[in-house]
Amino acid sequence: QVQFVESGGGLVQPGGSLRLSCVTSGFTFRHYAMSWYRQAPGKERELVANIEGTDEFTNYADSVKGRFTISRHNGWNTVYLQMNNLQPEDTATYYCNRRPLENWGQGTQVTVSA
């Protein structure tokens, strides 16, 4: 079945960086657009970034533009999220998923705090 395994989260100071990874299985990865989402405590899950499967066109939420970069490695069935200049408001659990959505993985926690 379709699976997503996110990793790379942690505790980082404001201004710091993290690189998240999401290893996928159970579908032909290169055929699907992939996205990163995040959910902060008490808030709804929101779309952070998206990358298409063929031309790898990307788009981002306004709140992360210029700071986050989504990329993918089709040979490794993996999607990445490079996060720079992290701020406390980026604190959330981060999830990846494909389009159309499948069941969610466990996510990876990102905490930005001094």
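The values are calculated or read from the model by the stated rules, or taken from the named source; none is laboratory data. Keep in mind the model is a prediction, meaning the values are calculated, not measured. All Cβ positions, glycine included, derive from the backbone under ideal geometry; neighbour counts span all protein chains shown. Accessible surface areas use protein heavy atoms only, side chains included; no ligands, DNA or RNA. Shrake-Rupley method; radii C 1.70, N 1.55, O 1.52, S 1.80 Å.
What the table below lists for this structure:
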read-out: Filter result for Leu81 (in a strand (DSSP E or B), within 26 Å of Ala114 (Cβ to Cβ) and of a type outside the set (S, T, N, Q)); value: yes
read-out: Residue, nearest to Ser17 (Cα to Cα), within region 50-78, restricted to residues that are of a type in the set (S, T, N, Q) and not in a strand (DSSP E or B); value: Ser63
read-out: Which numbered condition Leu101 misses (of (1) of a type in the set (A, V, I, L, M, F, W, C); (2) open to solvent by less than 70 Å² (accessible area, probe 1.4 Å); (3) at pLDDT below 95); value: (2)
read-out: Test result for Leu11, farther than 15 Å from Glu89 by Cβ, outside any loop (DSSP other than H, G, I, E, B) and either without any contact (Cβ under 8 Å) to a residue 60 or more places away in the chain or open to solvent by 20 Å² or more (accessible area, probe 1.4 Å) (or both); value: yes
read-out: Of all residues in region 23-44 being part of a loop (DSSP other than H, G, I, E, B) and either open to solvent by 80 Å² or more (accessible area, probe 1.4 Å) or in contact with a Leu (Cβ under 8 Å, 6 or more places away or on another chain) (or both), the one that is farthest from Val112 (Cα to Cα); value: Glu44
read-out: Residue within region 37-48 that is free of Cβ contacts under 8 Å to residues at least 24 places away in the same chain and touching a Phe, Trp or Tyr at 6+ places or on another chain (Cβ under 8 Å) present; value: yes
read-out: Any hit, region 70-83, residues being of a type in the set (Gly, Ala, Ser), within 21 Å of Glu44 (Cβ to Cβ) and modelled with pLDDT of 95 or more; value: no
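For every residue, the table says whether it meets (1) under 19 Å from Val12 (Cα atoms); (2) out of contact with any strand residue (DSSP E or B) (no Cβ under 8 Å at 6 or more places or on another chain); (3) surrounded by fewer than 17 Cβ atoms within 10 Å (Cβ to Cβ).
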position: Gly53; (1), (2), (3): no, no, no
position: Glu56; (1), (2), (3): no, no, yes
position: Asn59; (1), (2), (3): no, no, yes
position: Arg67; (1), (2), (3): yes, no, yes
position: Ser71; (1), (2), (3): no, no, yes
position: Thr78; (1), (2), (3): no, no, no
position: Pro88; (1), (2), (3): yes, no, yes
position: Cys96; (1), (2), (3): no, no, no
